[in-house]
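Notes follow once the structure below has been shown.
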Amino acid sequence: EAERVRFKFVVTHVVKALLGGELNYAKIESLVAKQNLTTADTKGMLAGVDFVLRNAAKNDIDADTLNLELNQLGMPKEHCDALCKVYSADQRRLSATLAAQTLRLTAIDTVDYRVDYVLSTDQVLDAAVATVHLRVALTDGSTHSFEMSADKFRVLLAELKSVRTAMRTVGGRGGGGGGGRGRGRRGGR
C-alpha cells in the first residue's frame, strides 16, 4: 500500500509538470529513496511515467484502456490503478495542454519591405528593373533578410496566399493557426 501511495505521488507530480508546473525532483527523490532506487532508476521512472501520460493524453486514450494496456505490458496492478486514477482526473486538461504545445513554429512578428526601382544604369539607359528587399522578424528574436525580383515576389505572394487559404480551410477557423502578426512597412530604414 505504501509503495502504491508513493507511486501515485510521483504520477501526480509528473502530471503537474506536464500541465506547466515545476517538477520537484528533490521531493520525489527523497520519497523513492526508501525503495532503494538509484538516481538513474528515479529518472527512468519519471521518464517512463511522462512518456505514458504524454502519449495517452495526446492520443485521447481513456483510463480503462490505458489500465488494460499497462497491465498487459506487465506493470503491477496497483501501479496501473494509481496511474490511471490520476490520469483520469486530469485527462481533459492534459490533452488540452499537450494539444496547445503541439507543432508550434516560430511565428512571424513583422515584415518590412522596400522596393528599389532602377530606371537606368551607366550601361543600359532603359533598365526599368524592380527589386524587392524583405526583412522578416520572428517572435524568437531572429531576423532574415533577402531580396528578389518583382516576378519572384509575385510568385511568393501568390503561394503564401494559397497556403493561408489552405490553412484556414483545414483549421476551420479564420486565423489559420499561425498566430503571427505580419505588418508591412514601405520604405527603407
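The values are calculated or read from the model by the stated rules, or taken from the named source; none is laboratory data. For clarity, every value in this text was computed on a predicted model and none was experimentally measured. Here the Cβ positions follow ideal geometry from the backbone for every residue, glycine too, while neighbour counts run over all protein chains shown. Surface areas here come from the heavy atoms of the whole protein model, side chains and all, with no ligands, DNA or RNA. Shrake-Rupley method; radii C 1.70, N 1.55, O 1.52, S 1.80 Å.
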- prompt: Can you find even one residue in the stretch 22-33 that is within 19 Å of A96 (Cβ to Cβ), open to solvent by 40 Å² or more (accessible area, probe 1.4 Å), part of a loop (DSSP other than H, G, I, E, B) and of a type outside the set (G, A, S)?
  reply: no
message: When the residues of the stretch 97-120 are narrowed to those that are out of contact with any Gly (no Cβ under 6 Å at 6 or more places or on another chain) and part of a loop (DSSP other than H, G, I, E, B), which ends up modelled with the highest pLDDT?
response: T106
- prompt: Applying the selection to the stretch 11-21, what residues are more than 19 Å from the chain's Cα centre (by Cα) and open to solvent by less than 40 Å² (accessible area, probe 1.4 Å)?
  reply: V11, H13
statement: The correct count of residues that are in a helix (DSSP H, G or I) and within 23 Å of K16 (Cβ to Cβ) in the stretch 70-88 is 12
- request: Go through the stretch 34-61 and give me each residue that's loosely packed, with under 13 Cβ neighbours inside 10 Å and polar (S, T, N, Q).
  value: N36, T38, T39, N55, N59
- request: Answer yes or no: is there a residue in the stretch 88-95 that is within 18 Å of F7 (Cα to Cα), out of contact with any Phe, Trp or Tyr (no Cβ under 6 Å at 6 or more places or on another chain) and either among the hydrophobic types (A, V, I, L, M, F, W, C) or open to solvent by 50 Å² or more (accessible area, probe 1.4 Å) (or both).
  value: yes
message: Checking D64 against (1) within 30 Å of G141 (Cα to Cα); (2) of a type outside the set (A, V, I, L, M); (3) free of Cβ contacts under 8 Å to residues at least 60 places away in the same chain, only one condition comes out false. Which one?
response: (1)
message: If a residue must be among the charged types (D, E, K, R) and closer than 15 Å to K85 by Cα, how many such residues does the stretch 2-34 contain?
response: 4
